[in-house]
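Each remark here refers to the structure printed beneath this line.
The values are calculated or read from the model by the stated rules, or taken from the named source; none is laboratory data. Nothing here was measured: the structure is a model prediction, and the numbers come from that model. When we count neighbours, we look across all protein chains shown, and the Cβ atoms used for this are built from the backbone with ideal geometry, even at glycine.
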Amino acid sequence: MKKIDFDKALDIFFEKFMELNPAETLPEWFKDSTMYGGSIVEGRYWELSFMAHLKSSLGENECWEKDKDGRYRLVSYHPDTGEKRYIISGGGGEAVKLFTLRIDINSGEVSDISQRNFSEIDGDDLLSTN
């Protein structure tokens, strides 16, 4: 049996998310303040999440910058010279997981769905990903 690759896992992830959260029910901030990602955990599950970063989680002189491919990179600016440095690890604070699920890499079965209550989140507290 062929294992489920990341692209197929993403398809399942988005389908399940939209089943539980129709587009018209999502808060205004969702599109501009979230990102998604995932990895294999325990050697047998894709764990995928929608995440957001709190504005307060950035360090002084740090910001997220969109690259030419549409991905975001954490950037730090020197306070005196304005020199830009890319932060590879250890910065940007913890991402807040808003929606997470696991997908069995062999069967495609979805399990362990967890979701924060979006109505309890103030979009003004989140960093924009645009």
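Here is a yes/no grid of residues against (1) in contact with a Gly (Cβ under 7 Å, 6 or more places away or on another chain); (2) of a type in the set (Asp, Glu):
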{"position": "18", "(1), (2)": "no, no"}
{"position": "22", "(1), (2)": "no, no"}
{"position": "39", "(1), (2)": "no, no"}
{"position": "47", "(1), (2)": "yes, yes"}
{"position": "53", "(1), (2)": "yes, no"}
{"position": "99", "(1), (2)": "no, no"}
{"position": "106", "(1), (2)": "no, no"}
{"position": "112", "(1), (2)": "no, yes"}
{"position": "115", "(1), (2)": "no, no"}
How do the pairs read when you match residues in segment 19-40 that are among the polar types (S, T, N, Q) with residues anywhere that are in a strand (DSSP E or B) and surrounded by 15 or more Cβ atoms within 10 Å (Cβ to Cβ), using Cβ under 7 Å and keeping only pairs 6 or more apart or on different chains? 33/52; 33/126; 34/50; 34/51; 34/52; 34/98; 39/47
Filter result for residue 76 (closer than 16 Å to residue 127 by Cβ and part of a strand (DSSP E or B)): yes
Breaking point among (1) surrounded by fewer than 17 Cβ atoms within 10 Å (Cβ to Cβ); (2) modelled with pLDDT of 95 or more, for residue 43: (2)
